[in-house]
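Worksheet: one structure, shown below.
The values are calculated or read from the model by the stated rules, or taken from the named source; none is laboratory data. Here the structure is a predicted model, which is why all the values come from computation and not from measurement. So basically every Cβ, Gly included, is an ideal-geometry build from the backbone, and we count neighbours across all protein chains shown.
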Amino acid sequence: MVYFCLIETGGPTPSHLEILEAECAQAATSEATRLMARHASAVMVHVIHGDETVASIPAAIATTGFDRAD
């Protein structure tokens, strides 16, 4: 089953869903964290697998130490 990433945003930008390439929960969480770090308006990310929320990560954790230059 596919993992999805719901990126919650603040302000006028709508939240959106992205399909993750990961094959396990740990890899999906890592991928979602990297995706959120690339969205300046992101406030929270949720990793979803089927009907289950696998992880919910606030932006403060995801962006710590991220270099936006790459």
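Quick notes
- For segment 1-41, a residue qualifies if it is in contact with a helix residue (DSSP H, G or I) (Cβ under 6 Å, 6 or more places away or on another chain) and among the small types (Gly, Ala, Ser), and the qualifying residues are 22, 37.
- Residue list for segment 33-59, restricted to those being without any contact (Cβ under 8 Å) to a residue 24 or more places away in the chain and buried (at least 18 other Cβ atoms within 10 Å of the Cβ): 59
- Only a single criterion out of (1) surrounded by 13 or more Cβ atoms within 10 Å (Cβ to Cβ); (2) modelled with pLDDT under 95 is not satisfied by residue 4, namely (2).
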